[in-house]
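The values are calculated or read from the model by the stated rules, or taken from the named source; none is laboratory data. Everything numeric in this text was worked out from a predicted model, so none of it was measured. Here the Cβ positions follow ideal geometry from the backbone for every residue, glycine too, while neighbour counts run over all protein chains shown. Accessible surface areas use protein heavy atoms only, side chains included; no ligands, DNA or RNA. Shrake-Rupley method; radii C 1.70, N 1.55, O 1.52, S 1.80 Å.
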Amino acid sequence: VKGAMLGQDLSDGDAKLTLDHDGMTLAGKGKLGAAPLEFKWEENFSGADFTRRIAASGPIDSAQFAALGYDLRPYVDGPIDTAVVFTRLPKKRGTVDLKLGLAAATLKLPLVKWTKPPGGAGDAHILVDLAGDRVRAVTDFSIASGGLAASGKAQFAKDDGSLSRIEFDKLKLARTDL
């Protein structure tokens with residue numbers, strides 16, 4: 001499927017389609033760009049809690065993330081176990097729930113001279129609230145890896161989508177705990 005999502009083609013796939021008067025489900029495996037993934041796409045045609053839900057998971061490396069429009073380097077480099085669920089809600093609202101397994105990746109915070117080498121434990125979780133296709137807020141984020149632990153939330157400006165506020169519930173790096 002050319003240009004399936006994020007400007008990338010969905011290829012090398014094998015999927016099963018289920019369709020009835022209430023909705024549609026397409027589930028299977030394929031590649032989004034060069035990234036292998038398993039996916040499930042659901043459409044609800046009648047008054048359900050959501051109108052569309054797309055879940056995808058698989059290992060994605062830094063170059064593949066960059067090709068999707070999210071270049072995380074130099075902060076994150078290497079393979080990332082990725083699970084994402086996009087849910088379109090009524091009234092053009094939506095959420096993105098992103099879980100990242102960072103154990104095999106290198107993490108760097110150059111400003112504070114902190115690095116997590118590959119092989120160390122690491123996980124991140126980000127929950128995004130959408131208004132239309134714009135990010136309204138990060139209603140929850142967390143990362144835990146080695147001596148780094150952070151959690152909180154963020155708000156974005158309505159006019160230009162720029163980051164307007166970030167709140168930390170927890171911010172810990174090595175022995176510094178704010």
If the cut-off is a Cα-Cα distance under 19 Å, which aspartates and glutamates reach Lys40, setting aside same-chain residues fewer than 8 apart in sequence? Asp9, Asp12, Asp14, Asp20, Asp22, Asp49, Asp81, Asp97
Extension gain from Lys99 to Leu171, taking 0.36 nm per residue of separation minus the Cα-Cα distance: 24.0 nm
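So what is Rg over Rh here for the chain, counting just Cα atoms and using Kirkwood for Rh? List each step's numbers first, then the result.
Details: Rg = 17.9 Å, Rh = 17.9 Å.
Radius of gyration over Kirkwood radius for the chain works out to 1.00.
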Along the dipole axis of the chain (charges at Cβ: +1 for Lys and Arg, -1 for Asp and Glu; origin at the Cα centre), the most positive-end residue among Val96, Gly23, Thr176 is Thr176
Distance from the stretch 123-178 to the stretch 71-101 (C-alpha centre basis), Å: 13 Å
Nitroxide proxy distance, nm - points 7 Å out along Cα→Cβ at Phe50 and Thr115: 3.9 nm
If each of Glu38 and Met24 carries a label point 7 Å out from its Cα toward its Cβ, how far apart are those two points in nm? 2.3 nm
Pull up all non-local amide H partners of Gly147: gap of 5 or more, or a different chain, and H-to-H distance under 5 Å with H placed in the peptide plane. Ala174
Choice from Asp81, Asp129, Asp159 showing the highest fluctuation, given a GNM over the chain with Cα pairs closer than 10 Å: Asp159
Over the stretch 1-137, with the other protein chains present, what is the accessible area per residue in square angstrom, probe 1.4 angstrom? 60 Å²
Could you identify which residue out of Thr82, Thr115, Thr95 has the top mean-square fluctuation in a GNM of the chain using Cα springs shorter than 10 Å? Thr115
